[in-house]
Amino acid sequence: MFPLSSVLFPGAELPLHVFEPRYRELVADCLAGDGEFGVVLIARGSEVGGGDQRFGVGTVARIVSASPFPDGRWALLAAGTGRFVVERWLDDASYPLAEVHELADDPALGVEARLEEATAAVRRVRTLMSELGTPAPVTDLGAVTGGASGADTEGETRLWRLCALAPLTALDRQGLLEAVDQAERLTLLTELCVALAGDLALLLGGGPGAGEQPTTR
């Protein structure tokens with residue numbers, strides 16, 4: 001297990017600079033095995049040094065490429081595959097270990113049409129952030145609504161991609177990861193982006209929140 005201060009979604013890429021001895025050992029073990037490890041969000045604490053508290057739902061990461069440095073560090077590129085829930089944390093060997101079981105979404109009817117609404121909400125947030133001069137993840141939003149086959153027929157892959165595009169906090173992204181199915185995830189994503197867009201619009205318009213707290217008289 002690799003606890004981080006960020007959330008990995010299925011289908012998203014995760015670049016990692018691995019320098020701690022315990023995680024160097026994790027990389028070696030993964031490369032000698034199936035190349036997979038678990039990523040969970042840190043609830044409290046730091047990525048470095050241990051002693052952190054962690055959320056119980058995470059994402060399986062598969063190593064795509066691994067480049068070693070002469071001093072033992074690694075540059076990794078991993079990709080999220082599926083979700084899991086932690087059954088119990090085990091005693092650390094040198095790196096964190098846990099027993100987990102896989103989580104899967106039930107197919108949801110009507111997801112395709114609702115993806116358009118969620119896409120519009122994400123697009124508006126990204127546009128407002130651009131107007132404020134705040135960078136958002138640089139990804140082609142057009143890829144979210146393109147034609148597809150297989151799993152994409154149900155919209156699942158595109159929904160995960162849209163979640164990755166939304167410039168939300170780590171806790172909000174964790175909420176999206178933990179949503180029980182696609183319908184709940186779509187609703188939450190849209191609500192979060194609509195709320196954030198409202199706050200950003202206030203900042204742009206100089207209303208309450210634009211540099212000062214509103215007062216009550």
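The values are calculated or read from the model by the stated rules, or taken from the named source; none is laboratory data. No experiment lies behind these values; they were computed from the predicted model shown. Cβ coordinates were reconstructed from backbone atoms using ideal geometry, including for glycine residues, and neighbour counts include every protein chain displayed.
Considering GLY45, GLY58, which residue is crowded, with 19+ Cβ neighbours inside 10 Å, outside the structural domain of THR190 (by TED's automatic domain parsing) and of a type outside the set (S, T, N, Q)?
Working: GLY45 fails: crowded, with 19+ Cβ neighbours inside 10 Å.
Sole residue among the options that is crowded, with 19+ Cβ neighbours inside 10 Å, outside the structural domain of THR190 (by TED's automatic domain parsing) and of a type outside the set (S, T, N, Q): GLY58.
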Could you figure out which of (1) surrounded by fewer than 14 Cβ atoms within 10 Å (Cβ to Cβ); (2) modelled with pLDDT of 90 or more isn't true of ALA121?
(1)
Which one of the conditions (1) modelled with pLDDT of 75 or more; (2) under 20 Å from PHE9 (Cβ atoms) does GLU99 fail to meet, given that it meets all the rest?
(2)
For GLY155, work out the one condition from (1) of a type in the set (Gly, Ala, Ser); (2) closer than 21 Å to THR59 by Cβ; (3) at pLDDT below 70 it doesn't fulfil.
(3)
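Scan PHE2, PHE19, PHE9 and give me the residue that is touching a residue at least 40 places away in the same chain (Cβ under 8 Å), farther than 27 Å from GLU191 by Cα and touching a Phe, Trp or Tyr at 6+ places or on another chain (Cβ under 6 Å).
After applying the criteria, what remains is PHE2.
Any idea which of LEU186, LEU115, LEU168 is part of a helix (DSSP H, G or I), within 16 Å of the chain's Cα centre (by Cα) and modelled with pLDDT of 85 or more?
Details: LEU115 fails: within 16 Å of the chain's Cα centre (by Cα); LEU168 fails: part of a helix (DSSP H, G or I).
Selected residue: LEU186, the only one of LEU186, LEU115, LEU168 that is part of a helix (DSSP H, G or I), within 16 Å of the chain's Cα centre (by Cα) and modelled with pLDDT of 85 or more.
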Taking the condition of being surrounded by 15 or more Cβ atoms within 10 Å (Cβ to Cβ) and in a strand (DSSP E or B), how many residues in region 98-112 meet it?
3
Options VAL122, VAL85; residue that is under 26 Å from LEU189 (Cα atoms), out of contact with any Asp or Glu (no Cβ under 8 Å at 6 or more places or on another chain), aliphatic (A, V, I, L, M) and in the same structural domain as VAL194 (by TED's automatic domain parsing):
VAL122
